[in-house]
Amino acid sequence: MSDRAPLSQMDKKLKNLSRALIADAGGIEAAPLCPGMRVQKSSLGTYQSFSHDQFMPLDVLICLTEVTGNPQLLEEVARRCGYRIEPLRDGGAGTAMQHAAAVAKESAEVMMAIATGMADGRLCATDLARVEAEMLDVVREASSGVAAARAARAAAAGEAA
């Protein structure tokens, strides 16, 4: 940490919201794998740590907000500047269903990678690397699907009001 004073309560709130956003993206291990993410695990750890005075850059915030559908950190930044945000469009239930279908497809590819790798009776390091890559595809699709489902739910709640 720099010679800067300890984090204020408001800064700690930003750190907690950063932590929640990263968790919604699958955690510190999965979040760097989100589409468009340019930072690695160590940077994400810094953005959520009370021991560091560095905060999440805007492009990372935008990427994680788009993937997770969790606008809380973005809302807090806007609130501090005297603004509020609201969704411009509805992802719709159809988008959530497309992601669910993509998760099923990616899950089938995990099973295919395991079956193919087991053809010789064991999974070698190369087989396991392919299985891991396929599983990470499931995580990415599931994260995007969660964001779409949240957007559809928020839209449906707005229509009911």
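The values are calculated or read from the model by the stated rules, or taken from the named source; none is laboratory data. The model shown is predicted, which means the values in this text are computed figures rather than measured ones. Backbone-built Cβ (ideal geometry, glycine too); neighbour counts: all protein chains shown.
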Within segment 79-94, restricting to residues that are small (Gly, Ala, Ser) and surrounded by fewer than 12 Cβ atoms within 10 Å (Cβ to Cβ), the one that is modelled with the highest pLDDT is Gly82
At pLDDT 90 or above and in contact with a Phe, Trp or Tyr (Cβ under 7 Å, 6 or more places away or on another chain) - does that describe any residue in segment 56-74?
-> yes
Please give the number of the condition Phe55 fails out of (1) assigned to a helix (DSSP H, G or I); (2) surrounded by 16 or more Cβ atoms within 10 Å (Cβ to Cβ).
-> (1)
Hey, could you check segment 20-51 for residues that are over 11 Å from the mean Cα position of the chain (by Cα) and assigned to a helix (DSSP H, G or I) and say which is surrounded by the fewest Cβ atoms within 10 Å (Cβ to Cβ)?
-> Ser42
Which listed residue, of Ala125, Ala113, is of a type outside the set (D, E, K, R), more than 21 Å from Ile28 (Cβ to Cβ), surrounded by fewer than 18 Cβ atoms within 10 Å (Cβ to Cβ) and modelled with pLDDT of 85 or more | Ala125
Per the list (1) closer than 25 Å to Arg140 by Cα; (2) not in a loop (DSSP other than H, G, I, E, B), residue check on Lys12 breaks on (1)
What is the residue count in segment 58-78 for residues that are under 15 Å from Pro35 (Cα atoms) and not in a helix (DSSP H, G or I)?
-> 1
Name the residues in segment 1-32 that are in contact with a Leu (Cβ under 9 Å, 6 or more places away or on another chain) and in contact (Cβ under 8 Å) with a residue 60 or more places away in the chain, would you?
-> Leu14, Asp24, Ala25, Gly26, Ala30
Of the conditions (1) among the hydrophobic types (A, V, I, L, M, F, W, C); (2) farther than 22 Å from Arg19 by Cβ; (3) surrounded by fewer than 12 Cβ atoms within 10 Å (Cβ to Cβ), Met97 clears all except one; give me its number.
-> (3)
